[in-house]
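The values are calculated or read from the model by the stated rules, or taken from the named source; none is laboratory data. Predicted model only: the values in this text are computed from it and were never measured. Every residue, glycine among them, receives a Cβ derived from its backbone with ideal geometry; neighbour counts consider all protein chains shown.
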Amino acid sequence: MLQAVQTSGEVAPEVKDIVNQAADAAFVQTFGPSTPQAERSMGPSCFRIGCLVHVVYRDQCTSHAADEVLLERPSARLRKWPGGIYKTPAVRLPDGRLDVTWALLLSAPDKQRRGLEALLKPPAPEPAILQREVCASSANIQTGSQSPAAPNPSAAPTTAPADPNIPRTK
């Protein structure tokens, strides 16, 4: 699929800027700016049938957190992309990080211009909702924090135990 996108040719000049800006805006508004946890060394590479966004995730938990943001948050801006969205399987790098490419497909960028332009407008305010943690070690991908906060021993746990049938004392 990546090769098909890359060899599809250049985006039509009349929509090239808007396609690039919309892909970048949708990605940043969904996942936040590039951080050491989810590094995007360059912006999207856009072609006639879509854009490719290369991301290197710090670990499996961070990659999973990105998936959860897109799949579980109905207001995730990338969900407004006017075409299909695909993610390659992760390739583990020698240092343990995960290399992935997101493909944001378009069937006819000139006809999908209205949907692309909508991604450039400021997003509607999101209602405050409680979200469960994905992994105990994952950093919050939206804020780009370098490390998880130190545990508070007096705080209640925020995630369910891996085995919900653990014997409990009464």
Take the residues in segment 68-98 that are loosely packed, with under 14 Cβ neighbours inside 10 Å and acidic (Asp, Glu); name whichever of them is farthest from residue 42 (Cα to Cα). 72
Against the conditions (1) free of Cβ contacts under 8 Å to residues at least 12 places away in the same chain; (2) surrounded by 18 or more Cβ atoms within 10 Å (Cβ to Cβ), where does residue 65 fall short? Just the number, please. (1)
Residue check, residue 132 charged (D, E, K, R), under 27 Å from residue 6 (Cα atoms) and either modelled with pLDDT of 50 or more or assigned to a helix (DSSP H, G or I) (or both): no
Looking at segment 69-83, I want the residues that are closer than 17 Å to residue 25 by Cα and have a partner that is surrounded by fewer than 18 Cβ atoms within 10 Å (Cβ to Cβ) and charged (D, E, K, R) with Cβ atoms under 6 Å, at least 6 apart or on another chain. Which pairs are those? 75/126
Helices (runs of 4 or more DSSP H) within segment 1-115 that include 1 or more residues farther than 26 Å from residue 125 by Cα and touching a Ser or Thr at 6+ places or on another chain (Cβ under 8 Å): 2-6, 60-72
Given (1) among the β-branched types (Val, Ile, Thr); (2) at pLDDT 95 or above; (3) surrounded by fewer than 17 Cβ atoms within 10 Å (Cβ to Cβ), residue 28 misses just (2)
Answer with yes or no whether residue 5 is under 15 Å from residue 85 (Cβ atoms), free of Cβ contacts under 8 Å to residues at least 60 places away in the same chain and in contact with a Phe, Trp or Tyr (Cβ under 8 Å, 6 or more places away or on another chain). no
Looking only at segment 67-95, count every residue that is touching a Phe, Trp or Tyr at 6+ places or on another chain (Cβ under 6 Å) and over 30 Å from residue 13 (Cα atoms) and tell me the total. 0
Any chance segment 18-36 includes a residue that's farther than 23 Å from residue 74 by Cβ and over 19 Å from the mean Cα position of the chain (by Cα)? yes
Do you know which of the residues in segment 52-84 that are among the aliphatic types (A, V, I, L, M) and at pLDDT below 95 is nearest to the chain's Cα centre (by Cα)? 66
